[in-house]
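Bear in mind that the values in this text are calculations on the coordinates, not laboratory data. Since we're looking at a predicted model, the values are computed, not measured. Here the Cβ positions follow ideal geometry from the backbone for every residue, glycine too, while neighbour counts run over all protein chains shown.
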Amino acid sequence: MQHPNIKVPLQWSIFQKVKRLVNIGVDEVTRPMVLTEFLKLLRGLDRKNYGAYRRLKNIVVDYKDFNIKIVHVQGDPHAPPSFVEVTIHRDYLKVLEKAISLSRDVTPVEDFVYRALFKLLKRYSRRCGSGNSCYLGVPKPSPCMLRRSGVELNKVLLLRFFLGLPAKDRRVYGDQAVKLFADRIPRIVKELMTVLVNSEKRVLEIAKLYRDQEYVRGYLYKEGLVAFVADGSILPRESSISEKPLQKAVPFRSPKSMRITIKLPSGKSVSGMGIPLGVVVLTGGGYHGKSTLLRAIQRGVYNHVKGDGREFVIAREAAVSVMAEDGRIIHNVDISSFVEEDPYIGKTSSFSTLNASGSTSMAASLSEAVEMGAELILIDEDNSATNMLFKDSIMEKIIPDDPLKPLSLQIRSLVEKSNAGIVVISGSSSAFLCRADRVVRMRMFLPEDITDYVRKFVGVCEDTVSFSGVRMRVFKGVGGVKRIRSRGMRLRIHYTDGVEFELDLARNPRIVEEGQVRLIAAILRRLVRENVHTEMSELVKYIDEELGRRGFKAFKKPVSPDLTWVRGIDVAWVLNRLYRARFEQVPTRNP
Ligand code: ADP
Ligand code: MG
């Protein structure tokens, strides 16, 4: 016999389901409104309290060739602007199809459309009332070809941009709102479509460039290289706050012995310096371009736009810079290969601190790089803890009980075991030289291969310490998070007990746009909300896969127009430094 009570929860759950369906019907499947009807609605809002704009949320306006959906409505004229989604049917965009099939990737085409959209919005953005009234825009792109939420291409072409709904004295400014929707926005969209239709040749060229760049990256993996720097590249930038190439810079030129020529899919070929997977030491006098070369290699994880000067500076995707970061947080990281246990430091096979020293921070970042599966590790003595890099023989005698086991003593075994290449800048110590596969000397901004010359007086030597690998960790969530926000390049996390923690992502040279910081914030929110517990190396893969499969909406709903693609390894970078993030070691080791 059936218990009568069972029916109640059952009915309840059906009721909930029906309710949910009905709700979806109201909120999401909005029928497009014809433009005249929409403009009438706008006129009707004139002089009403600004909050009346809320009625526009989720309305889709039919402009025949495209639709505009009002996704977010700002609460007041001074709040961050509202945003819309414009859907353009792909039939109009045959020119993009060709480019996409050529590059086999939407990234260069999306990037091109984004840059065109950015320019147009900037041109049409103006003030027309109080606060952000009539503002139109998307964030300025870096010279890297990246996927951004401002433009998404799948079955349709989707544009997202910010729009300040016009206000006069905190009231709806109907006239201006009508002008915006009846005139300015359709004009922008039409101009953009004209730009695209007339850019067939340029888009194809960009797609070809991107395909060539990806080909070079693939070539690195095939040929046992970690990076490539083309002859003629312009590496230095105008200034530390400008991404423009430095005028009158000395163009890069590979030493003959390291020069390779790659035949590209476009039919062109490119020559330049191939950096082998191994131990590569960059040396040279001060101010001769060492750091500039290393920075350019780091940026080579991204493909740069034509005219940047670094179009063919290409690195393996998981290239990371390791540096000293005094004061950083470390969670249960196995640094035992670099730091021996001692009464003051404590257990180094599972090391934690809220305030690392220069050398332990560097050791932790090295271990984490290996744990995350880094393919190339970049080290500059300018921002390193030098006692983690090397120690000379006299100091070895003077400090016999030093817990530090510098990188120079185990660099070969680290490379061999982890299969990550290392490029290390060292102009003040010879410690790395006898273990280097290549020694490159920068002189007046040009590299020379001095490997044979150096071998003559330092010879070849074996590691005296064997790199022991690192124990892997499981991410176990973050304790008591209340709010995660991003502001420029910084993340700010508020905890339930009132503590505030800030992390500056400008310290990670792989982060090149604020949109990446915003996406990382969104990813963190989801990890915290869903209380995700996963092995770190798995988490890195999971994030890459989710983004690849579902795009931005995998992590943020609704998707705002200001997000930039990021890789799982950069989310890991943040988790590794996050206050109250919890990690547990597992028995497996890498390698
Ligand atoms: P190092 O690390 O060897 O001390 P840097 O890479 O910091 O040298 O470069 C020193 C200065 O030279 C910087 O201002 C940089 O912008 C400039 N520079 C670097 N490469 C070039 C180049 N190829 N041509 C002209 N100037 C350059
Ligand atoms: Mg330097």
Quick one: Karplus J couplings for the stretch 577-591, per residue in order, coefficients 6.51, -1.76, 1.60, θ = phi - 60°, nearest Hz, x for Gly and Pro?
10, 8, 4, 6, 6, 10, 9, 10, 7, 10, x, 6, 10, 10, x
Spatial separation of Cα centroids for the stretch 251-285 and the stretch 570-591, in angstrom
35 Å
Whole-Hz Karplus couplings 3J(HN,Hα) for the stretch 463-477, θ = phi - 60° and coefficients 6.51, -1.76, 1.60, Gly and Pro as x, run 5, 9, 10, 9, 4, 9, x, 10, 6, 7, 10, 9, 7, 10, x
Cα centre as origin, Lys/Arg/Asp/Glu Cβ charges: the chain dipole, Debye
2940 debye
Normalised contact order of the chain, rounded percent, pairs of Cα under 8 Å and 6 or more residues apart:
12 percent
Count the DSSP beta bridges whose two residues both fall in the chain, then state the antiparallel fraction as a percent rounded to the nearest 5.
80 percent
Grab the Cα-Cα distance for Ile394 and Ser257, subtract it from 0.36 nm times how many residues apart they are, and report the gain in nm with one decimal.
45.8 nm
How high is the FRET efficiency from Lys244 to Ser430, r the C-beta distance, R0 25 Å, rounded to 0.05?
0.10
I need the peptides 41-47, 237-243, 108-114, 430-436 ranked by packing, meaning the mean over residues of other C-beta atoms within 10 angstrom, with the highest value on top.
108-114, 430-436, 41-47, 237-243
For a test of the definition: using alpha carbon positions, the gyration tensor, and the 1.5 limit on a/c, classify the stretch 221-468 as rounded, prolate or oblate.
prolate
If amide H atoms are modeled at 1.01 Å from N in the peptide plane, then the residues at a separation of 5 or more from Asp334, or on another chain, having amide H under 5 Å from its own are Phe351, Arg471
Roughly speaking, what is the centre-to-centre gap between the stretch 67-126 and the stretch 466-532 when only Cα atoms are used, to the nearest Å?
28 Å
As a check on your grasp of the helix formula, calculate [θ] at 222 nm for the chain: sum -39500 (n - 2.57) over DSSP H runs of n ≥ 4, divide by the residue count, round to the nearest 500.
-10000 deg cm²/dmol
Step through the table entries Lys69/Lys122; Lys347/Lys397; Lys69/Lys94; Lys256/Lys405; Lys122/Lys248, compare each Cα-Cα distance with 28 Å, and write down the pairs that go over it.
Lys256/Lys405; Lys122/Lys248
Positive-end residue, the stretch 221-468 charge dipole about Cα centroid, Cβ charges, pick of Met444, Ala356, Ile422
Met444
Grab the beta carbon distance between Arg123 and Ser101, set R0 = 30 Å, and tell me the FRET efficiency rounded to 0.05.
0.45
Quick one: give the max-minus-min coordinate of the C-alpha atoms of the stretch 438-581 along each principal axis, largest first, in Å.
61, 35, 34
Taking the Cα centre of the stretch 75-120 as origin, sum charge times position over the Cβ atoms of Lys and Arg (+1) and Asp and Glu (-1), and report the length of that vector in debye to the nearest 20.
260 debye
Report P(r) for the stretch 400-488: all Cα-Cα distances, bin width 10 Å, range 0 to the bin holding the largest distance, values in whole percent.
13, 32, 23, 17, 12, 3, 0
Going from the fewest other Cβ atoms within 10 Å to the most, one would list Lys222, Lys140 as Lys222, Lys140
With +1 on the Cβ of every Lys and Arg and -1 on the Cβ of every Asp and Glu, the dipole magnitude of the stretch 472-590 about its Cα centre, in debye rounded to the nearest 20, is 240 debye
Starting from the Cα of Arg455, step 7 Å along the direction of its Cβ; do the same at Tyr542; then give the gap between the two resulting points in nm.
4.8 nm
Using modelled backbone amide H atoms (1.01 Å from N, in-plane), which distant-in-sequence or interchain residues come within less than 5 Å of Gln585's amide H?
Val474
Quick one: net charge of Asp62's neighbours, Cβ under 13 Å, K/R +1, D/E -1?
+1
For Ser384, what residues show an amide H to amide H distance below 5 Å, using hydrogens built from the backbone and excluding near sequence neighbours?
Ala324
Of the listed pairs Lys140/Lys179; Lys64/Lys190; Lys244/Lys290, those with alpha carbons more than 23 Å apart are Lys140/Lys179
Can you compute the modelled spin-label distance between Asn419 and Thr534, with each label point 7 Å from Cα toward Cβ, in nm?
2.1 nm
In the chain, which cysteines lack any other cysteine Cβ under 4.7 Å from their own?
Cys144
Dipole-positive endmost among Ser82, Val95, Val106 within the stretch 76-232 (Cβ charges, Cα centre)
Ser82
Suppose the chain between Arg202 and Lys48 were pulled fully straight at 0.36 nm per residue; how much longer would it get relative to their current alpha carbon spacing?
50.8 nm
Express in % the proportion of alpha carbon pairs of the stretch 31-198 at distances exceeding 29 Å.
20 percent
Cα-only radius of gyration and Dmax that characterise the chain, units Å
27.4, 93
If each of Met444 and Arg525 carries a label point 7 Å out from its Cα toward its Cβ, how far apart are those two points in nm?
5.5 nm
For every other residue with a beta carbon closer than 10 angstrom to the beta carbon of Gly285, add +1 if it is Lys or Arg and -1 if Asp or Glu, then tell me the sum.
+3
